[in-house]
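Chemist: Let me give you the structure first, and then I'll get to my questions.
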Amino acid sequence: KLFVEPFVLMHRPDNHISLKKWDVAGLSALPIISMPQGTSTRSGVDDYFAAHNAIFSPTFALRDLNTISQFVRSGCGIAILPWSAARPFLKDDLQICYLKGAPHRYIGIFTLKGLSHSELTLHVMRSLVAMSAELPMPNE
């Protein structure tokens, strides 16, 4: 395991998020943009809602992260994404909202027993760990 990342809300700065914690009812009231069914990102959100006896029904389900960011920029909704998926699109016109109690996922690399990592793999692993240092502490 390299790091653990939360699911976050990616939104425009003028779209104030009043939610402070991950809440099925509160999230269901928002115009949510999500990845489509069949993706690991969507499965994480679907599983959370199912565990709370609710069905996740986003306003839009889009596969491409760039398209999702453009929909958010255009005011079409708020995206639920893992932190590392939202992070590359943050500029002055998009930001992240961290919610207490948000589901999370583990980021890691599997290696076959007995094989060592290449220099490229080691570089990627170090970069991912360094990037994860930007994550807020749990319950922040």
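Chemist: Based on this model, can you work out whether I33 counts as under 12 Å from M10 (Cβ atoms), in contact with a Gly (Cβ under 8 Å, 6 or more places away or on another chain), touching a residue at least 12 places away in the same chain (Cβ under 8 Å) and in a strand (DSSP E or B)?
Modeler: yes
Chemist: Related question: Condition first: surrounded by fewer than 19 Cβ atoms within 10 Å (Cβ to Cβ) and in a helix (DSSP H, G or I). Can you find one or more residues in segment 3-23 that meet it?
Modeler: Within segment 3-23, not a single residue is surrounded by fewer than 19 Cβ atoms within 10 Å (Cβ to Cβ) and in a helix (DSSP H, G or I).
Chemist: Quickly run through segment 24-45 and pick out the residues that are closer than 25 Å to I109 by Cβ and either out of contact with any strand residue (DSSP E or B) (no Cβ under 8 Å at 6 or more places or on another chain) or open to solvent by 70 Å² or more (accessible area, probe 1.4 Å) (or both).
Modeler: G38, T39, S40, S43
Chemist: Taking G75, is it open to solvent by 40 Å² or more (accessible area, probe 1.4 Å), under 26 Å from K1 (Cα atoms) and assigned to a loop (DSSP other than H, G, I, E, B)?
Modeler: no
Chemist: Taking the conditions exactly as written (open to solvent by 40 Å² or more (accessible area, probe 1.4 Å), in contact (Cβ under 8 Å) with a residue 24 or more places away in the chain, in a helix (DSSP H, G or I) and closer than 21 Å to V4 by Cβ), does L128 satisfy them or not?
Modeler: Answer is yes for this residue.
Chemist: Can you tell me how many residues in segment 78-97 are touching a residue at least 60 places away in the same chain (Cβ under 8 Å) and open to solvent by 50 Å² or more (accessible area, probe 1.4 Å)?
Modeler: 4
Chemist: Here's something else I'd like to know. Quick check on P58: is it out of contact with any helix residue (DSSP H, G or I) (no Cβ under 7 Å at 6 or more places or on another chain) and open to solvent by 20 Å² or more (accessible area, probe 1.4 Å)?
Modeler: Yes.
Chemist: Here's something else I'd like to know. If you check I80 against the conditions, is it within 15 Å of the chain's Cα centre (by Cα), in a strand (DSSP E or B), over 25 Å from L128 (Cα atoms) and among the β-branched types (V, I, T)?
Modeler: no
The values are calculated or read from the model by the stated rules, or taken from the named source; none is laboratory data. All figures in this text were calculated on a predicted structure; none of them were measured in a lab. No Cβ is skipped: glycine too gets one built from the backbone with ideal geometry, and neighbour counts run over all protein chains shown. Heads up: the accessible areas ignore ligands, DNA and RNA and are worked out on the full protein's heavy atoms, side chains in. Shrake-Rupley method; radii C 1.70, N 1.55, O 1.52, S 1.80 Å.
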